[in-house]
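Taking it in order: structure first as structure tokens, then the write-up.
Derivation of every value follows stated rules applied to the coordinates shown; laboratory data play no part. Note that the structure is a prediction, hence the values are computed from the model and not measured. Note that we place each Cβ from the backbone using ideal geometry, even for glycine, and neighbour counts take in every protein chain shown.
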Amino acid sequence: MTPQIFRTRITELFGVPHPVLCGGLMWLADADFVGAVVNAGGMGFITPRSFPDEAAYRAELVKCWKITDGKPFGVNIYVSARPEANETLARMLDVAIEEKVPFVETAGFSPKAFMPRIQAADQKVIHKCTTLRHAESAVRAGVDAIAILGGEAGGHPGADMIGSMVQGAVVPDALDVPVALAGGFGSGRQLLAALALGADGMLLGSRMTVASEIWAEDGYKRRVAETGPSDTRIVMSIFRDNMRVLDNETARAVNALEEAGETDFDKYRPLVRGPNQRDAYAAGDPEQGVLSLGQSCAFADKIEPVEAIFDEILAEAVAYRARLNKLAP
């Protein structure tokens, strides 16, 4: 592990050497990946919905404790608009509490309903959102930190699509809690920029999809490694549910429906259903399903271990800090 270089409120909150977080990746964030992130000096979050049942999810938490040799990690709770889905998530949160997982990443809708349970268990929570307005609401609900997504992010970057440079210049000054910048981040110079903007760290998603510890077949990873920042597209905007995904056959088919003005969601369902993504990762087929991918794919240029990715990011941050120091007149 690279020795600690930066000490921020994010490193203090999570008790990690580096202000680098890896957000929950649906279907992909298992014990092997999250454990590798923690062992490399960052913080990662297992996604409960990636597992077929509660027993498999609990086993993954136990496994992660073994991989990290007792170093703490987190779980991701993606808050839904559907009450029945949140009932399942509440049980997944209870399992994390029973297994003494100390950190939670919430995302999606407001975590307010989950906060009493989280606070009673003395867990620390970072809420991932897309606007300052939503961040302020989450802080009022009691979260300990915010991850703010720019429009460059994969998955759901929000309806406003505010860029990360603007988010970074606005959000940290407006909040009293630690802030991590996310969306398009994947390099050391961006980590340095995040800290210069007043944030306390950065959160990675798509950049990590080429990690050796990610279980997806290498066919998918090789496709990501070949992509550039123009190789993503936005789908589902017709429903005001923007999703940034890999530009593939499925995404283009979704856009074709949107361009035709189709508003019947059942016409989209066979293309966008979640299990398609899981199947694509398992088969290494990058054309199958709408596969969440942000513009930070530009930095995911080879398959390598998590620790190597972290080392490269941190070395670049040091190099560009030295560059800044040389700019003094």
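Build a GNM of the chain with springs between Cα atoms under 10 Å apart, and of T263, T232, T11 the one that fluctuates most is T263. A cut-off of 5 Å between modelled amide H atoms, ignoring neighbours fewer than 5 places along the same chain, links G155 with R244, L293. Based on the Stokes-Einstein relation at 20 °C and a viscosity of 1.002 mPa s, and on the Kirkwood radius from alpha carbon pairs, the chain is assigned a translational diffusion coefficient of 108 µm²/s. For the chain, relative contact order (Cα pairs under 8 Å, six or more residues apart, normalised by length) works out to 17 percent. Think of the chain as having a plus end and a minus end, set by charges on the Cβ of Lys, Arg, Asp and Glu; of M243, A85, V143, V143 sits farthest toward the positive end of this dipole. Mean separation of Cα pairs under 8 Å and 6 or more residues apart, divided by the residue count, gives segment 210-274 a relative contact order of 22 percent.
Its DSSP H runs of at least 4 residues, each contributing -39,500 (n - 2.57), put the calculated 222 nm mean residue ellipticity of the chain at -13000 deg cm²/dmol, to the nearest 500. Work out the FRET efficiency for L327 and R189 from their Cβ-Cβ distance, taking R0 = 22 Å, and round it to the nearest 0.05. Computed FRET efficiency for L327 and R189: 0.95. Projected label points at E84 and R273, each 7 Å from Cα along the beta carbon direction, are separated by 1.5 nanometres.
Derived scalar couplings between HN and Hα for segment 103-120 equal 10, 9, 9, 9, 7, x, 7, 4, x, 3, 5, 8, 5, x, 5, 5, 5, 5 Hz in order, rounded to whole Hz, by the Karplus curve 6.51 cos²θ - 1.76 cosθ + 1.60 (θ = phi - 60°), x for Gly and Pro. A crude spin-label estimate for the pair F265 and E217, with each label 7 Å from Cα along the Cβ direction, gives 3.1 nm.
Ignoring lysines fewer than eight residues from K71 along the same chain, the ones with Cα atoms less than 29 angstrom from its Cα are K63, K100, K112, K124, K128, K221, K302.
For the chain, what is the percent of antiparallel DSSP beta bridges, rounded to the nearest 5? For the chain, the DSSP antiparallel bridge percentage is about 15. In the elastic network of the chain, a GNM with C-alpha springs shorter than 10 Å, the most mobile of A120, A251, A317 is A120. In this simple spin-label model, placing a label point 7 Å from the Cα along the Cα-to-Cβ direction at both R133 and R252 gives a separation of 3.6 nm. Rounded to the nearest 0.05, the FRET efficiency derived from the C-beta distance between R117 and V318 at R0 = 56 Å is 0.85. The GNM of the chain, with springs linking C-alpha atoms under 10 angstrom apart, assigns the highest mean-square fluctuation among G183, G219, G155 to G219.
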